[in-house]
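**Q** What follows is a structure written as structure tokens; I'll ask about it next.
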Amino acid sequence: MNKIKERITSSPTETKEWAEALAKAITPPKILALFGNLGAGKTTFIQGLAKGLGIRGRVLSPTFIFIRPYKLSKGYKFYHVDLYRLDSEKDVEAIGLNEILQDKNAIVAIEWPEKIENLLPKGMISIKIEELDETKRKLTFY
Ligand code: ADP
Ligand code: MG
């Protein structure tokens with residue numbers, strides 16, 4: 001993987017602002033893979049992303065339902081996917097993820113993308129979030 005950008009944020013707000021700016025620079029179809037441990041800030045990042053895409057209201061972690069869909073303007077969609085509880089790549093079909101990954105009108109942000117390593121498309125944006133201390137995170141874009 002080629003590192004294209006690296007950034008350290010000092011608060012959840014700063015992480016969200018970064019994601020918000022990224023959201024304004026992307027158009028469907030686009031897949032963003034968010035790598036990082038539990039509590040790293042993947043959901044926080046996606047909240048900023050959603051805000052930048054014009055989604056109002058609270059973006060909750062979809063941990064128990066895997067996928068949360070949101071409507072965007074122009075008929076576009078945003079999908080927040082959290083695969084933390086996915087047991088096997090075989091279950092991807094059951095949760096309807098295949099169609100979502102191929103949706104040309106969608107922006108898809110995936111937490112725990114390593115769970116579907118073999119299904120991840122080329123050309124996606126990968127973002128790794130590392131916890132440096134309580135409030136500092138290193139975001140690496142590939
Ligand atoms: P994940 O989805 O990776 O499990 P969350 O986004 O749910 O992580 O949680 C990240 C936690 O870390 C939140 O409680 C958030 O407030 C906190 N946090 C502290 N500093 C930062 C930062 N710089 N960027 C993002 N989150 C941060
Ligand atoms: Mg999360």
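**Q** Would region 1-62 count as rounded, prolate or oblate if I go by the C-alpha gyration tensor, calling it rounded below 1.5 in a/c and otherwise prolate when a/b exceeds b/c, oblate otherwise?
**A** rounded
**Q** Under the definition of Cα pairs under 8 Å and six or more residues apart, what whole-number percent is the relative contact order of region 5-141?
**A** 37
**Q** For the chain, what does -39500 (n - 2.57) per DSSP helix run (n ≥ 4), summed and divided by total residues, give at 222 nm, in deg cm²/dmol to the nearest 500?
**A** Taking each H run of at least 4 residues, the total per residue is -6000 deg cm²/dmol.
**Q** Cross-link list Lys71/Lys128; Lys5/Lys90; Lys24/Lys90; Lys3/Lys74: which exceed 30 angstrom alpha carbon to alpha carbon?
**A** Table pairs above 30 Å Cα-Cα are Lys5/Lys90; Lys24/Lys90; Lys3/Lys74.
**Q** What is the distance in Å between the Cα centres of region 83-103 and region 118-133?
**A** If you average the Cα positions of each part, the centres end up 17 Å apart.
**Q** Let me ask another. Between exposed GluC sites (Glu not before Pro) in the chain, where DSSP calls loop and at most 13 other Cβ atoms lie within 10 Å, what's the longest gap? Each step should come with its number before you reach the end.
**A** Numbers: sites that count: Glu93, Glu134.
After excluding every exposed loop site, the longest remaining stretch is 1-92.
Coordinate-derived values only; no laboratory data. Keep in mind that what you see is a predicted model, and the values were worked out from it rather than measured. Cβ: placed from backbone, ideal geometry, glycine included. Neighbour counts: every protein chain shown.
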